[in-house]
Amino acid sequence: MAGRISQETIGLIHNTADIVSVVGEYTKLERRSGNDWWGCCPFHGEKTASFHVNTDQRFYYCFGCHASGDVIKFVMEMEKISYPEAVTALAKRNGIAIKYEDGEPPADYKRDDTIDRLIELYERTASMFHYFLLETPQGKKALEYVQKRGLTPETIEKFKLGYSPADTKWLKGFLRSKNYSDDFLAKSGLFSSKYPNYSFFADRLMFPIFNRKGQVVAFGGRVLPPANEKERKYLNSGELPQFKKRETLFGFNFAKNAIRSNKRIIFCEGNMDVIAYHQCGLDYAVATLGTALTEEHIKMIQGFVSDGTVYLSFDSDEAGQNATKKAVYLCRRNNLTVKIIQLKGGKDPAEIMLKFGKENLTTQVNNAILDSDYFLNKLGEKYPIDKPEGKTKAALEFFSYIDCLQSDIQKESCLEQVSQAFNLKPEAVKSDFLNRGKALERNNLRSDSNQTEKVEIIKPNAELRGLIAVIQNPDQFKRLRSSVNAQDFQNPQAKSLFCVLEDCFTKGGYSIPDILTNCHNPALEQLITRDIADGAYKSDKIDAVVDDTIKFIKKNKIDAQRDNLLKRIREFMVITEDDKVQLNNLLMQKLELDKQAQSLLK
C-alpha cells in the first residue's frame, strides 16, 4: 500500500535493533543461558523475575502479566507512541533510513517533530549556558560558587553545569539569530509567558535536566548568593512536551547503569545533592524535580532495584521527614526494600564532601538504617514511651507503616520489633494491629496524618471554599492572585493552599495532579479531591463566587486589623500631648478601615 513504511525497513530494524539493549533501559536483565535473558517486568511490579527476552527470536514475554511482543511493540508500550513513531525512533537509534512502499511517505503524513525540535533547542541553550559559566567574565561568580562547593572540573563537565546571563533579553536575541521563530520560542518554556522577550532563567547557576537517553529536556536554576530574599532560590522548567516532572529524575541518565550494577538507588532532594554523591563515587543517586516521589518514578527504577535497596537522603526538618514517610510508604507498597541515610556533620551531601571527604560520605551511606528502625526511633522521640498511653500511640502510628508491607513475614517481624522496642507483649501488639479501630476507640485517640493513614477532617471556611472553586476553575486563579496575596488569608490551611497554587502557577504546572503533589497535607488533599469529585464548584456563576471570595478575604483582613486597633485604643493611656496625637492617629486609622469595610459591602 502506498505510503506505508516498507517491510524492508521493518525487517532491517528487527535484524539490527538490539532488543536486550532497548529493554535494558527500562529494567535490569540477566543472561541465564544462551540467548535467554530474564528480569523483572517493566509493565507490572514484581520481586521475582518473570520477564523473558529471547534474542534469537527477538521477542519478549512476561509470565506474570502476559505482556508480549517484538522490539517495536515494546517501544510503543513503554513510550505510549504509535507504531510509525516507534519505528521512526528505532530507525533513528540504529542509523536506518526509512523507506516507504511507493518511495514516499503518505500524502497526509506529517510527523510531529515538536519534541525533537525542543530537545535540539534545549541542547543548544545548555551548551551556551555551559560556555558562559566556563569562558566568560559574566559566569565568574557562578563558577566560583560551584568551585567553593567543592565541585571538580570533571563534575562540572559531566553535568554540563552552566550560567544564564543576567541580561534577560540576551537569550531571545541569540536564538533569533539562529533562525528560531518567535512563535516557537514562545512555546519553548524558556521565556516568561507575560513578557515573551524576557528569559525565564536569568543570573542563575544552571542545571541541565536530561532524559534517560542523555538529552537535555529542561533546566533547573539556582539563584547565586547573596540572594535577594524576594527571589525564589530554585526554579525548574514547567511541564513541556518533552518534560514531565512526574516521569523524570535528575541524574537518572548518569545513574542507571550504576543502579543496575550496585542494586542500589539514592533518592535526594536537590540537584546539588545528586552531583555531590556522584563526585564521591556514589553514582547511583537521583533526585525528583519539584515533586514528591511518584508512582511513575518508581516504575522507572523498579526493574533496576527490585532485588536491591532504595536509599532515601532527605532533609531532617519536618518537611523532609514527611517526604521520607511518603516515599517509604510508596516504595514498600511496590515491594522495595528501603533504608534511610541520616547525614551528620553538614546540612547536605556537598557540605559533608567538602568538610570531611568522600570516604566520610560513603561511610554514612553504608551506615543507613532500615526504614522500620528509623520510624521506631522517631516514634520513641515523639511519644513518652515510658507510659502506657505513649506506647499505644507510638504502636498505632507504626501500624500504618506495617500496612504498606507486602509480605506477611515482614509484617510479623515488624510486630515483634514493636513489642521489643516498646516493651510490650507480642500477643497484645498483634491483637491491637488486627483490631486498630477498636483500639483507637478504647483509648479515645484521635489520629492525624502523622499517626495512621486515617486523615483528620478539615472543616472548610469561605477562604478554603473559594480556593477549591479556583482549583476547579483554573482560569480564575490569575484573577484571584491579582487581588490578594498569601498574607491576606487568616485561615492557616487556606494560606498554605494559596502558596501551593501560586508555586504551581509560577512554575507553569497548574493542574490538579500538580497541586495535590505539592500539597503535602493529606487532610487538604482529601478536602480538595472530595469537593472536586462532587462537582461542588463547577457552575456558570464562578465569576461571582470568586468575587465573593476576594471580598471575604479582604474584609477578614480588615476586620483583623480593626480588632487589633480597637484593642490598642482601649488599652491606650493619654498622659501627654504626644499621647493625644498618637491616639488620634489610631482613631483615624480605624475610621479608614471602617470605610474600606463599608466599600466592600456595596
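The values are calculated or read from the model by the stated rules, or taken from the named source; none is laboratory data. Since this is a predicted model, take the numbers as computed values, not measurements. Here the Cβ positions follow ideal geometry from the backbone for every residue, glycine too, while neighbour counts run over all protein chains shown. These area figures cover heavy atoms from the full protein model, side chains too; ligands, DNA and RNA do not enter into them. Shrake-Rupley method; radii C 1.70, N 1.55, O 1.52, S 1.80 Å.
Considering every residue within segment 469-483, establish whether at least one is modelled with pLDDT under 80 and polar (S, T, N, Q). Yes, segment 469-483 has at least one match.
Of all the residues in segment 149-185, those that are loosely packed, with under 11 Cβ neighbours inside 10 Å and charged (D, E, K, R) number 3. A count restricted to segment 13-37 and to residues that are open to solvent by 50 Å² or more (accessible area, probe 1.4 Å) and within 24 Å of residue 331 (Cβ to Cβ) stands at 1. Filtered by the rule that a residue be within 28 Å of the chain's Cα centre (by Cα) and either modelled with pLDDT of 85 or more or aromatic (Phe, Trp, Tyr) (or both), segment 43-64 gives a lone residue, 43.
Look at segment 276-301: where a residue is aliphatic (A, V, I, L, M) and a partner is in a strand (DSSP E or B) and open to solvent by 10 Å² or more (accessible area, probe 1.4 Å), sitting 6+ places away or on another chain with Cβ atoms under 8 Å, you get 289/236.
Within segment 145-162, not a single residue is farther than 25 Å from residue 270 by Cα and either assigned to a loop (DSSP other than H, G, I, E, B) or touching a Lys or Arg at 6+ places or on another chain (Cβ under 9 Å) (or both). The listed residues are 135, 120, 104, and the only one of them that is modelled with pLDDT under 85 and surrounded by fewer than 15 Cβ atoms within 10 Å (Cβ to Cβ) turns out to be 104. Can you tell me which residue in segment 329-359 is farthest from residue 276 (Cα to Cα), limited to those that are open to solvent by less than 20 Å² (accessible area, probe 1.4 Å) and at pLDDT 95 or above? Among those that are open to solvent by less than 20 Å² (accessible area, probe 1.4 Å) and at pLDDT 95 or above, it is 338.
Close contacts from segment 543-565, counting a first residue that is modelled with pLDDT under 80 and among the aliphatic types (A, V, I, L, M) and a second that is open to solvent by 70 Å² or more (accessible area, probe 1.4 Å) and not in a helix (DSSP H, G or I), with Cβ to Cβ under 7 Å and a gap of 6+ residues or different chains, come to 560/490. Among the residues of this structure, residue 404 counts as one that is in contact (Cβ under 8 Å) with a residue 60 or more places away in the chain and either over 22 Å from residue 334 (Cβ atoms) or out of contact with any Cys (no Cβ under 8 Å at 6 or more places or on another chain) (or both).
Of the residues screened, residue 67 is not one that is at pLDDT 85 or above and either in contact with a His (Cβ under 9 Å, 6 or more places away or on another chain) or closer than 15 Å to residue 10 by Cα (or both). Every test in (1) farther than 25 Å from residue 557 by Cα; (2) surrounded by 16 or more Cβ atoms within 10 Å (Cβ to Cβ) is passed by residue 500 save one, and that test is (1). Is there any pair linking a residue in segment 446-475 that is crowded, with 18+ Cβ neighbours inside 10 Å and assigned to a loop (DSSP other than H, G, I, E, B) to one that is at pLDDT 75 or above and among the acidic types (Asp, Glu), with Cβ under 6 Å and at least six apart or on different chains, and which? From segment 446-475, the pairs are 451/397. Scanning segment 544-556 for residues that are basic (Lys, Arg) and closer than 16 Å to residue 482 by Cβ gives 551, 554. In segment 355-373, the residues that are closer than 20 Å to residue 151 by Cα and in contact (Cβ under 8 Å) with a residue 24 or more places away in the chain form Cβ pairs under 8 Å with partners that are assigned to a helix (DSSP H, G or I) and of a type in the set (A, V, I, L, M), at six or more places apart or across chains, as follows: 361/276; 361/352; 361/353. Of the strands (runs of 3 or more DSSP E) lying entirely inside segment 211-272, the ones with 1 or more residues being on the phi < 0 side of the Ramachandran plot and open to solvent by 60 Å² or more (accessible area, probe 1.4 Å) are found at 234-236. Residue 409 satisfies every condition listed in (1) in a helix (DSSP H, G or I); (2) in contact with a helix residue (DSSP H, G or I) (Cβ under 8 Å, 6 or more places away or on another chain); (3) among the aliphatic types (A, V, I, L, M) except (2). Taken together, the residues in segment 62-83 that are open to solvent by less than 60 Å² (accessible area, probe 1.4 Å), out of contact with any Lys or Arg (no Cβ under 8 Å at 6 or more places or on another chain) and not β-branched (Val, Ile, Thr) amount to 10. For segment 490-510, filtering for residues that are under 30 Å from residue 188 (Cα atoms) and not hydroxyl-bearing (Ser, Thr, Tyr) leaves 12.
Any residue at all in segment 179-187 that is hydroxyl-bearing (Ser, Thr, Tyr) and within 27 Å of the chain's Cα centre (by Cα)?
Among the residues of segment 179-187, not one is hydroxyl-bearing (Ser, Thr, Tyr) and within 27 Å of the chain's Cα centre (by Cα), which makes the answer no.
Quick grid of which residues meet (1) among the small types (Gly, Ala, Ser); (2) in contact with a Leu (Cβ under 9 Å, 6 or more places away or on another chain):
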| residue | (1), (2) |
| --- | --- |
| 285 | yes, no |
| 294 | no, yes |
| 299 | no, no |
| 318 | no, no |
| 326 | no, yes |
| 339 | no, yes |
| 357 | yes, no |
| 364 | no, yes |
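Which of the residues belonging to segment 378-436 are of a type in the set (A, V, I, L, M) and open to solvent by 60 Å² or more (accessible area, probe 1.4 Å)? The answer is 409, 434.
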